[in-house]
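The values are calculated or read from the model by the stated rules, or taken from the named source; none is laboratory data. Fair warning: this is a prediction, and the values are worked out from it, not measured in the lab. A quick note on method: Cβ atoms are made from the backbone with ideal geometry, for glycine too, and the neighbour counts reach across all protein chains shown.
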Amino acid sequence: MPRRLAAWVIDVVVLTALIFAGASALAALLGPTIRFSPEAATLASTVTVDTSRVALSALVSTSLSGAYFVIPWVVLGASPGQLLLNIQVHGEAGGGALPPGRAIARWVLLLPPFGAVAALAVGAPSLSGLVWGSAPAWYLILLLTTVRSPMRQGLHDRIARSTVRPRAGENA
Amino acid sequence: MFDDARSVPPQARVETDICIVGSGAAGITLARELIGLPLRVTVLESGAFEYDGETQALYDGDSVGLPYSVSASRLRFFGGTTNHWGGICRPWEDADFEARDGIRFSGWPIRKADLAPYYTPAARVCRVPSPEWELDEWVRRDRAAPFALSSDRIVSRVTQIVPRSMRGFGKNYREELRRARNVAVLLHANVTNIETDEAGATATSVRVATLPGNQFSVGARVFVLATGAIENARLLLASNERRPRGLGNQHDLVGRFFADHARFIGGVIAPSNPRMSMRFYEVHSVGRAMVRGYLATSKQWQLAEGLMDLQIRPEPVYERHMDRTITSPSVSSLKLMLRSIRRGETVPGFGQHVTRVAADLGTWQRFAIPGAPVPVPYPEVVREMAGSTRREAERLMPALAGDVATRAYLEYFGARIDSILLSTRIEQAPNPDSRVTLTGARDRLGMPRVALDWRLSDIDRRNVRRSLELLGAEIGHAGIGRLKILLAQDGPGWPDDLDGGHHLMGTTRMSDDPKQGVVDRHCRIHGMSNLFVAGSSVFPTSGGGTPTLTLVALALRLAEYLKRTMRP
């Protein structure tokens, strides 16, 4: 279990860095999403957000996130962090790597909560404020269901019918 | 009980023991004190339970002196002017009742000791949260601190602010008066004249008129006028059938000495430390009480220099973005929610407040890259904040983090102050030329309308200038900042922003000498056996503090006098 958590932290840090780099590249190519005018006459114009650019950022970062997890799970049976710590994601029945559909389901259940809330913030700030607490709550549910399961299958694993195990010859 | 004067038959005569004219702070206080006694009490109120434009228009008059809103400064319905009362309270001090050297007509015929027993019950009537008034005690309880000044010339004082929901006397005491068997409140009853015996020494009845047209009279053994400083004078001056100059006006004093706490920005401080805390001088909570500090010349110094009192409220002007945050709707909503939770009260539209605060708390999410596994800001946000000075970053903070988060930041690190305006409220020196008179115009009921000639004098200018000079020296010495006095030393004019504090006082002043006052120390009109005045119109001087607590204490004292002297 600690190794799973550590692998998750590594993946999140690496992916965040990649997304930040992607956003920097986009800003360099197309100009910034956020513009600052501290001396503007009204508070609303002190900081302005380009919503079309937010949509593009969301698309790019979601694609990066999906690619980062789904492709390695399908092809290598583990995300980069899991590879580093010698653990693998299998189908529930054992055997090989996850098929693409179940890998995507697992990614959807694991990754987008915070990202979705951030996207919501642009369109519906009050709703976003209210649901913000749901993202940490969701991760807590996943953690608790994983810890309490004999097979260490959290809710996301049960829905995606996946299990996480040490590589052959290792103890997780 | 409540009744409607419009249903009283025309030309009827209603008999009672005590007739109270007006149901503002003084009238209601007096009526409550008489509940349960073997005396019939009738309260005559011009309006009903809500504001009504036609009734309010009976107040219309001319302002012929310094600018003053004759009608808007008071309210003519049950509860009177307490219906828009600011709720600021502080009992007056010994020196407020004493004569000042060089100030003609100053000094009361009674002392603070005469009124002291009534202040605590008055505070209960006014629903003041705490019985404590000593500065040291508040400083001990308060996280905020007053200016540390090195001499005793300028002092800080504390006022308490009655919560908004508890301010209206009409709302607070309506049910109690409805249940009172010996008290009848007649609504829609406008008193247009006080009738007396032939000698003009005893009031026999008051004439009442309603807007629909019926007229009747109310006879009583004792009459108490409690209609405020302008209307008390108006009614006495208009009741001139037996006394051509009006009742109580044998020495031409009724209507004179009108006073208010004139207010204007008297100076501005450039603070030495822009992040100094001004919390003590802003409205803030200490336990269950809302308080606000102010600065004043000390009473010893006032007596020594012959100065009248004044209140100087330092009003910090925060940088634009900070100022907007401090007064933003989401911060107000959060405060309201927290207060309602703390007090276990319900707040209308609670859901709306929650949504507003949630939206504000979610502001920062607009600047997080959507799709990232954890909230991470856009690179340009990181760059902007990293390259900003603290001041620049603070300017961006409300837009990036929201008003609630910014307010929390300011609470702990201090908001940047551009300047501190000194909102100055003065006790004006007694001035016989500042007065209420009757005009030739009449209202709908045939009552003469009033002209208010509100005047300040050179004594007032000297008083403010000298007090601000003392303050300037003190804050300079203490390293707080530099004061620029805005009030010109000479000249006839007063600042353009001069306004009344809506504390109408002094048109039926109290004095033991009938040549210097309209009422005696028991609030009875000189030369009349049974006509009394309640309210701040009897104040011979206006003190530096707000008048409500003192006028309620005086009404309690008058009630006790009536109870003692009247037999069933």
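Do you know which of the residues in segment B:512-537 that are over 22 Å from B:Lys112 (Cβ atoms) and of a type in the set (Gly, Ala, Ser) is surrounded by the most Cβ atoms within 10 Å (Cβ to Cβ)?
Among those that are over 22 Å from B:Lys112 (Cβ atoms) and of a type in the set (Gly, Ala, Ser), it is B:Gly527.
Please indicate, with yes or no, whether at least one residue in segment B:538-558 is of a type in the set (Ser, Thr, Tyr), over 29 Å from B:Phe264 (Cβ atoms), in a loop (DSSP other than H, G, I, E, B) and at pLDDT 95 or above. I'd like the intermediate steps shown before the answer.
Initial filter on segment B:538-558 (of a type in the set (Ser, Thr, Tyr)): B:541-542, B:546, B:548, B:550.
With the extra rule that they be over 29 Å from B:Phe264 (Cβ atoms), the set shrinks to none.
No, segment B:538-558 contains no residue that is of a type in the set (Ser, Thr, Tyr), over 29 Å from B:Phe264 (Cβ atoms), in a loop (DSSP other than H, G, I, E, B) and at pLDDT 95 or above.
In segment B:501-515, what count of residues is obtained for those that are in contact with a Pro (Cβ under 8 Å, 6 or more places away or on another chain) and closer than 30 Å to B:Pro67 by Cβ?
Residues flagged as in contact with a Pro (Cβ under 8 Å, 6 or more places away or on another chain) and closer than 30 Å to B:Pro67 by Cβ within segment B:501-515 amount to 6.
Take B:Thr548 and decide whether it is under 24 Å from B:Gly501 (Cβ atoms) and in contact with a Cys (Cβ under 7 Å, 6 or more places away or on another chain).
Yes, satisfied.
Restricting attention to segment B:346-359, does a residue exist that is of a type in the set (D, E, K, R) and buried (at least 18 other Cβ atoms within 10 Å of the Cβ)?
yes
Return yes or no: is B:Pro379 facing chain A (nearest Cβ under 7 Å), modelled with pLDDT of 80 or more and either at negative phi or surrounded by fewer than 21 Cβ atoms within 10 Å (Cβ to Cβ) (or both)? Talk me through it step by step, then tell me what you get.
Working: facing chain A (nearest Cβ under 7 Å): yes; modelled with pLDDT of 80 or more: yes; either at negative phi or surrounded by fewer than 21 Cβ atoms within 10 Å (Cβ to Cβ) (or both): yes.
Taking the combined requirement at face value, the residue satisfies it.
Tell me whether segment B:296-319 contains one or more residues that are within 14 Å of chain A (Cβ to nearest Cβ), without any contact (Cβ under 8 Å) to a residue 24 or more places away in the chain and not hydrophobic (A, V, I, L, M, F, W, C).
no
Look at B:Leu438 and say whether it is touching a helix residue (DSSP H, G or I) at 6+ places or on another chain (Cβ under 7 Å) and either within 14 Å of another protein chain (Cβ to nearest Cβ) or of a type in the set (Ser, Thr, Tyr) (or both).
So B:Leu438 does not fit the description; no.
B:Gln300 passes all but one of (1) within 22 Å of the chain's Cα centre (by Cα); (2) under 22 Å from B:Glu137 (Cβ atoms); which number fails?
If we test B:Gln300 against (1) within 22 Å of the chain's Cα centre (by Cα); (2) under 22 Å from B:Glu137 (Cβ atoms), just (1) comes out false.
State yes or no: is B:Glu50 acidic (Asp, Glu), under 24 Å from B:Lys171 (Cβ atoms) and buried (at least 21 other Cβ atoms within 10 Å of the Cβ)?
no
Which of (1) modelled with pLDDT of 85 or more; (2) within 10 Å of chain A (Cβ to nearest Cβ) is the odd one out, the single condition B:His353 does not satisfy?
Here B:His353 meets the rest and fails (2).
Among the residues of segment A:27-41, which ones are touching a residue at least 24 places away in the same chain (Cβ under 8 Å), aliphatic (A, V, I, L, M) and facing chain B (nearest Cβ under 9 Å)?
First pass over segment A:27-41, keeping only residues touching a residue at least 24 places away in the same chain (Cβ under 8 Å): A:30, A:33.
Applying the additional criterion that residues be aliphatic (A, V, I, L, M) yields A:30.
If the condition is that a residue be touching a residue at least 24 places away in the same chain (Cβ under 8 Å), aliphatic (A, V, I, L, M) and facing chain B (nearest Cβ under 9 Å), then no residue fits.
Would a scan of segment B:490-498 turn up a residue that is surrounded by 17 or more Cβ atoms within 10 Å (Cβ to Cβ) and either touching a Gly at 6+ places or on another chain (Cβ under 8 Å) or acidic (Asp, Glu) (or both)?
Checked segment B:490-498: no residue is surrounded by 17 or more Cβ atoms within 10 Å (Cβ to Cβ) and either touching a Gly at 6+ places or on another chain (Cβ under 8 Å) or acidic (Asp, Glu) (or both).
Got at least one residue in segment B:411-420 being in contact with a Ser or Thr (Cβ under 8 Å, 6 or more places away or on another chain), within 14 Å of chain A (Cβ to nearest Cβ), charged (D, E, K, R) and not in a strand (DSSP E or B)?
no
Scanning segment B:62-105 for residues that are on the phi > 0 side of the Ramachandran plot and touching a Pro at 6+ places or on another chain (Cβ under 8 Å), which turns out surrounded by the most Cβ atoms within 10 Å (Cβ to Cβ)?
Among residues in segment B:62-105 that are on the phi > 0 side of the Ramachandran plot and touching a Pro at 6+ places or on another chain (Cβ under 8 Å), the one surrounded by the most Cβ atoms within 10 Å (Cβ to Cβ) is B:Gly87.
One residue is enough: does segment B:405-412 have a residue meeting the conditions among the basic types (Lys, Arg) and buried (at least 16 other Cβ atoms within 10 Å of the Cβ)? Give the derivation first.
Step one: list which residues in segment B:405-412 are among the basic types (Lys, Arg), which gives B:407.
Next, from what is left, pick out any that are buried (at least 16 other Cβ atoms within 10 Å of the Cβ): B:407.
Yes, the conditions are met somewhere in segment B:405-412.
Looking at segment B:108-129, is at least one residue assigned to a loop (DSSP other than H, G, I, E, B) and hydroxyl-bearing (Ser, Thr, Tyr)?
no
Yes/no per residue for (1) more than 12 Å from chain A (Cβ to nearest Cβ); (2) in contact with a Pro (Cβ under 6 Å, 6 or more places away or on another chain); (3) among the aromatic types (Phe, Trp, Tyr); (4) within 25 Å of A:Arg35 (Cα to Cα):
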{"residue": "B:Thr325", "(1), (2), (3), (4)": "no, yes, no, yes"}
{"residue": "B:Val331", "(1), (2), (3), (4)": "yes, no, no, no"}
{"residue": "B:Arg339", "(1), (2), (3), (4)": "yes, no, no, no"}
{"residue": "B:Val347", "(1), (2), (3), (4)": "yes, no, no, no"}
{"residue": "B:Gln365", "(1), (2), (3), (4)": "no, no, no, yes"}
{"residue": "B:Ala386", "(1), (2), (3), (4)": "yes, no, no, yes"}
{"residue": "B:Arg391", "(1), (2), (3), (4)": "no, no, no, yes"}
{"residue": "B:Met397", "(1), (2), (3), (4)": "no, no, no, yes"}
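Evaluate the following for B:Asn232: is it within 23 Å of B:Ser73 (Cα to Cα) and either touching a residue at least 24 places away in the same chain (Cβ under 8 Å) or crowded, with 19+ Cβ neighbours inside 10 Å (or both)?
Values: within 23 Å of B:Ser73 (Cα to Cα): yes; either touching a residue at least 24 places away in the same chain (Cβ under 8 Å) or crowded, with 19+ Cβ neighbours inside 10 Å (or both): yes.
Considered against the rule, which asks whether it is within 23 Å of B:Ser73 (Cα to Cα) and either touching a residue at least 24 places away in the same chain (Cβ under 8 Å) or crowded, with 19+ Cβ neighbours inside 10 Å (or both), B:Asn232 comes out as yes.
So which residues in segment B:1-36 are within 27 Å of B:Trp85 (Cα to Cα) and assigned to a helix (DSSP H, G or I)?
B:Ala5, B:Ala25, B:Ala26, B:Gly27, B:Ile28, B:Thr29, B:Leu30, B:Ala31, B:Arg32, B:Glu33
Looking at B:Phe223, B:Phe257, B:Phe264, can you tell me which residue is crowded, with 20+ Cβ neighbours inside 10 Å, among the aromatic types (Phe, Trp, Tyr) and in contact with a Pro (Cβ under 6 Å, 6 or more places away or on another chain)? Talk me through it step by step, then tell me what you get.
On the way: B:Phe223 fails: in contact with a Pro (Cβ under 6 Å, 6 or more places away or on another chain); B:Phe264 fails: crowded, with 20+ Cβ neighbours inside 10 Å.
It is B:Phe257.
Considering only segment B:153-250, give the strands (runs of 3 or more DSSP E) lying wholly within it that have at least 1 residues that are more than 16 Å from B:Ser23 (Cβ to Cβ).
In segment B:153-250, the matching strands (runs of 3 or more DSSP E) lie at B:154-161, B:190-196, B:203-209, B:215-219, B:222-225.
Have a look at B:Arg442, B:Arg455 and point out the one that is free of Cβ contacts under 8 Å to residues at least 24 places away in the same chain and either assigned by TED's automatic domain parsing to the domain that holds B:Arg100 or within 19 Å of B:Gly501 (Cβ to Cβ) (or both).
B:Arg442
Name every residue in segment B:377-395 that is among the aliphatic types (A, V, I, L, M) and in contact with a helix residue (DSSP H, G or I) (Cβ under 7 Å, 6 or more places away or on another chain), in order of residue number.
B:Val381, B:Met385, B:Ala393
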